[in-house]
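Comments concern the structure below.
Every read-out reported here was derived from the displayed coordinates using simple, explicitly stated rules and does not represent laboratory data. Only a predicted model underlies this, so the values are computations on that prediction, with no experimental measurement involved. Methodologically, a virtual Cβ is constructed for each residue, glycine included, from the backbone with ideal geometry; neighbour enumeration extends over all protein chains shown.
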Amino acid sequence: MSSTTARPDAIVVPVNAFSICFGLAGLAMVWRLAAEHLGAPAAVAAALTVVTLVVWVVLLVAYVDRLRRGHTTVTRELTHPVTAPFVALIPITILVLVPELMIWVPTVTVWVAAAAVVAVVLLGGWLTGTWLGAGVPEASLHSGYYLPTVAAGLISGTAFAALGYRELGIMAVGLGGICWLLLGSIINNRNIIVESLPPGLIPTMAIDVAPVVVAGSAWFALNDGEPDTGQLLLAGFAVLMVLVQIRLYLSVYRKLSFGMGFWAFTFSYCAVASYALRWVATDPKGWTIALGWALVAAVTAFLVWVAVRSFLALRQGTFFPRDTA
């Protein structure tokens, strides 16, 4: 059999598998803020960062091997109407880790972050141009479409703040924020008016809560943790979106069968916890600190649950799809 031909019954690592390391990076972010504002051990964030990088490398090698075996092509991945946005998770995951990596290897981190930013900007421009030029079927739209521009821009804002480039950080937040306004109306129109998402894509609705809290975290990082009028505006909308997620759990999420898509919940909910921790830091009191610890414990327990269920599914051979062609 040719080396470029997909092996029968071979495990396929889809590009949305990078939501695993994205979620782990989100938990590392939570514990880094917990170390700064709640006195948590800094070693936890460091260990989670190492785990994230290891998982990222393993998935990247497996994904590149999938391309090498001819199971798919770069062109097909970048034009797929459902999974193309998830390609952005490859560089975005690294950007989430920048504040932690700056503590370890600042010089290397600057260059790695620069490469990741260039990658996400080029990818965001390419995908947006593709969607504008060729169109996207309404049925294929989902909240993952926020990733290449909205998530990339807003997360880059926090990364630039850690690197000390405030002006670039504001530009990145502008990119992400404006794209959020543009895409948000389209995606919500699809979900509210056109039709409900298929079960496999329903977990992507958790991403809806992420833009506002990631934008708030970036704005805190760029303004030395000081709340202002813009931050209060974001906080008001964040409260609404958290309530929306609770309502979706009661009506939709709790009916889902477990699968890889559950990792879509992890980064978004970690981002909510991270944003809350930044608010705790503005006025630390007994009850706010207790609330902060409760959120850290909740998202950690949730992510551990998802990881354990994923490991069991992986052992059973049901976590990743298989190529039987």
- prompt: Using a basic spin-label model with each label point 7 Å from the Cα along Cα→Cβ, how many nm lie between residue 50 and residue 316?
  reply: 3.2
- line: So, relative contact order of the chain in percent, Cα under 8 Å, 6 or more apart, is 25
Phi-based couplings in Hz for the range 186-201 (Karplus 6.51, -1.76, 1.60; Gly and Pro marked x): 5, 5, 5, 4, 5, 6, 8, 9, 6, 6, 6, 6, x, x, x, 9
- line: Phi-derived 3J(HN,Hα) across the range 110-127 with the Karplus relation (6.51, -1.76, 1.60, θ = phi - 60°), rounded Hz, x for Gly and Pro, is 4, 6, 5, 5, 4, 5, 5, 5, 4, 4, 6, 5, 5, 5, x, x, 5, 5
field: Karplus (6.51, -1.76, 1.60) ³J(HN,Hα), θ = phi - 60°, over the range 160-173, in Hz, Gly and Pro reported as x
entry: 5, 4, 5, 7, x, 10, 5, 4, 5, x, 5, 4, 5, 5
query: In what sequence do 205, 29, 171, 102 fall when counting other Cβ within 10 Å, fewest first?
result: 171, 102, 205, 29
- line: From DSSP H assignment alone, runs of 4+ in the chain each adding -39500 (n - 2.57), the sum over residues rounded to the nearest 500 puts [θ] at 222 nm at -23000 deg cm²/dmol
Over the range 10-323, volume per residue of the alpha carbon convex hull, in Å³: 129
